[in-house]
1. Quick one: which residue in SER238, SER228 is open to solvent by 20 Å² or more (accessible area, probe 1.4 Å) and assigned to a helix (DSSP H, G or I)?
2. Restricting to region 805-832, and then to whatever is closer than 25 Å to ARG468 by Cα and modelled with pLDDT of 70 or more, can you tell me which residue is surrounded by the most Cβ atoms within 10 Å (Cβ to Cβ)?
3. How many of the residues in region 517-538 are out of contact with any Lys or Arg (no Cβ under 7 Å at 6 or more places or on another chain), open to solvent by 40 Å² or more (accessible area, probe 1.4 Å) and closer than 17 Å to LEU685 by Cα?
4. Which is among the hydrophobic types (A, V, I, L, M, F, W, C) and in contact with a Phe, Trp or Tyr (Cβ under 9 Å, 6 or more places away or on another chain), of ALA634, ALA565, ALA553, ALA625?
5. Which ones in region 242-261 are of a type in the set (Phe, Trp, Tyr) and buried (at least 22 other Cβ atoms within 10 Å of the Cβ)?
6. Residue under question is VAL577, and the condition is that it be within 16 Å of VAL539 (Cβ to Cβ), touching a strand residue (DSSP E or B) at 6+ places or on another chain (Cβ under 6 Å) and not small (Gly, Ala, Ser); does it hold?
7. Under the condition of being of a type in the set (A, V, I, L, M, F, W, C) and at pLDDT 90 or above, which residue from region 205-225 is least open to solvent (accessible area, probe 1.4 Å)?
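The values are calculated or read from the model by the stated rules, or taken from the named source; none is laboratory data. Just so you know, these numbers come straight off a predicted model, no measurement behind them. As a convention, Cβ positions derive from the backbone with ideal geometry for all residues, glycine included, and neighbour counts pool all protein chains shown. Remember, those area values only see protein heavy atoms, side chains included, never the ligands or the DNA or RNA. Shrake-Rupley method; radii C 1.70, N 1.55, O 1.52, S 1.80 Å.
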Amino acid sequence: MWSRSTPGTCRAAMVATEAPSRLDVRCAHCGLPVASGLIDPGADEQFCCHGCRGARELICSLGLDGYYRIRGEQAAGEQSAVASGRTYEEYDHEAFLGRYAEPLGDGSMRVRFLACSIHCAACVWLIEKLPRIVDGVIDARVDLGRRSVEVRWDPARVALSRIARQMDGLGYAPSPWRGRERHEAERRHNRDMIVRLGVSGALAGNVMLISFALYGGVFHGIDALYESLFRWVSLLLSVVSLAWPGSVFFRGAVASLKTRSLHMDTPVALGLLAGGVSGAINTVRGTGEVYFDSVTALVFLLLMGRYLQHRKQQRASDALELLGAVTPSAARLVAGDDVRPVPIEALQAGDVVEVLAGEVVPADGEVSRGESSMDYSVLTGESEPIQTGAGDAVPAGAVNLSAVIRVRVSATGEATRIGRLMSLVRDAAMHRAPIARLADRVAQRFIAVVLTLAVVTFGVWMVVEPSRALGNTVALLIVTCPCALGLATPLALAASIGRGAQHGFLIKGGDSLEALAHRGGTIVLDKTGTITRGAVSLVEWIGDEEAKALVGAGERDCAHPIARALTRAFDTEGLVVERSAYEHGGGLTARVDGRELVIGSPEYVEERVGGVDRAFGSTIESAGARALTPVVVAVDGRVSALALLGDPIRDDASEMIGRARAMGWDVVMLSGDHPRVARAVGERLGLDASASIGGATPEQKAAFVRACAARPVVMVGDGVNDAAAMMSADVGVAVHGGAEASMQAADVYLSNQGLNPLVELLDGARRTIRTIKVCMVVSASYNLVCAGLAVSGLITPLLAAVLMPLSSLTVVTIAYRSGSFGRGSVEPGSWN
């Protein structure tokens, strides 16, 4: 029986001491800070919301207030974590290492961290220099898309906590790689970015308004008192903008200096610092120009670009999410005579699960009871169902088509074949070679030249005319701020990606466009669902037309793919099915409107009726060469019709292959289907036998793609069995109607049906790269001309602040007015 507690047992919940400050008041239930407006000075307990108040009252009323005592005792021995400067000592605990670290054969260990602050290639450069910074770190690899870091280290030389502290010091606080915590950390990081963006925008807008008054005073005069007031207010707002929202650029610059690897944050930070310091000096002196409007606007615009880039990188592409896309979240566990649903995480090797018709197999195992047709296309690409019975192995992800079976589990989760396949996808993403953009290749040299030129300019003008030395140097740093250079590539890519989305091309990153713009390479096409439509349908009917409706009605209650195809093909309205019986591995018998039907494979019908070879023998023999499945129909004991079913080739497949070849691309068909079927489809498309490869497993597909890596490789597919090959290719393309996992692994998704959009994608990529090159030439020309004028002293800092955004606006205009997608088809000759 529950006993009620006295009011005294639920008291003294505030963390604050007597006469606490408002910042010390914590919620009596959840422990979070209580807003000042919710504090009741006369109450012993404070709550952050009414929900917490109700929860605590309920817990105490049930006599369960010991919950708070236990929670307090556990927290008492723990050191409070702070926002920065953490010790990360818990990372050295054997329980932590046992759960998250992996021992390797050479004595080293490997761990995977989440670091939400990773947002660009510069971050990758910094973190991957950990082996040079921390003695004992062997290797550090960054997965930019997932914002994860894989670290391999020697535990005999350095503790994991030391590595974590170093990452924290560089601005990339690490946390264990856990799915749920990863999403929560990303949510917090997104909220922080939005807050910084909003604050910087508000500060920039207010400084701009004040600057209008100062600019007006230059031409029409302004009272000295108001001019001084406006300068000081602008200075105050700019200091806030630089100290908080803009601090990310200064941290990046400091981190780059620590690792002796310059990147874009370095000149940006110097430009912001030069503009802010010179403006502050002139404000104190009461003379000279101030550049606070340019400084605050630059902080806002750069944070906006960084936020948009970060949002595009947030995609669910890790192995667990891919695994969850193709396997069920629950299973039907058999326990004696009882069958109950359980979460898939509860399954263990040796358990027996029941799989109903139409359900997905939840784990690898062996059929212990029952027979059924299974669809393995998600793993193998094989379009034909496979008959499976007791003793046969079945993988997770296979679809049970026709009857109830029971499976004895042998492997679950990531240990299953599909789990290992998704791990292969993850590893391919970690190891895929980055495609360097033109801006990345020139960035470091550009930055070094600008910094060197600034030092030379200051030194020369100190000799020629010391009073102009600082102004000319500041003008140089501002006017050559790499905004135009840094914006040229991402803006052109963003414009093309956005325009592509409007026309049915969902592109996840600019690297894909750069690879697709090459004038040749290898396009690898999956067969089932890519070259073909991916669904069994009636291709040809030979014989009695009146039997069509009877067949459709007889097959109506069968879940087999061939039965569904026949039902879709024929009108069965008004027909009455008196009896229907499906037999595994052959076909079915039925009675429809008083007519006896036998429908099935040639062997099945021959055994029951006879006369199959005499009626359709030659046609059945040639069906295999055409990649078609023959289904014989007998009505009232006489063979009367033959249905040829298959996976029809897309109407535009031959045209797409011809156009791609004219553009300089080699085309290969790589299928998991039977080699005989692959060769038959290849012949109809005009592909050589060497370019029509069948019987390939997902692992073999990925190996084939890696073997073609001497030239750009584009892998086009639609299923989970194509995911690893997509990640191994330079560009993975998922076609319309593909599986969720293939779309997650792909770099590009074609939302329009058919294969001709692939050729339009190649053309759009070529136009995009051409636009990038134009933007780069414009920004480089601008920097060259303006740098010369600044060094010569012909540009003042004020004029430099005006010219600097003009270059960015020019690049923006070129990027967004370029036509990358939606301009019609490309002629093959235009590629030469």
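1. Values: SER238 fails: open to solvent by 20 Å² or more (accessible area, probe 1.4 Å).
Going through SER238, SER228 in turn, just one is open to solvent by 20 Å² or more (accessible area, probe 1.4 Å) and assigned to a helix (DSSP H, G or I): SER228.
2. Step by step, filter region 805-832, then rank; the result is SER807.
3. Residues in region 517-538 being out of contact with any Lys or Arg (no Cβ under 7 Å at 6 or more places or on another chain), open to solvent by 40 Å² or more (accessible area, probe 1.4 Å) and closer than 17 Å to LEU685 by Cα: 1 in total.
4. Working: ALA634 fails: in contact with a Phe, Trp or Tyr (Cβ under 9 Å, 6 or more places away or on another chain); ALA565 fails: in contact with a Phe, Trp or Tyr (Cβ under 9 Å, 6 or more places away or on another chain); ALA625 fails: in contact with a Phe, Trp or Tyr (Cβ under 9 Å, 6 or more places away or on another chain).
When all the criteria are applied, what remains is ALA553.
5. PHE249
6. no
7. The qualifying residue least open to solvent (accessible area, probe 1.4 Å) is VAL207.
Yes/no matrix, rows are residues, columns are (1) within 29 Å of VAL811 (Cα to Cα); (2) in a helix (DSSP H, G or I); (3) among the aliphatic types (A, V, I, L, M); (4) modelled with pLDDT under 85:
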site	(1), (2), (3), (4)
ALA702	no, yes, yes, no
ALA709	no, no, yes, yes
MET715	no, no, yes, no
PRO757	yes, yes, no, no
LEU761	yes, yes, yes, no
LEU789	yes, yes, yes, no
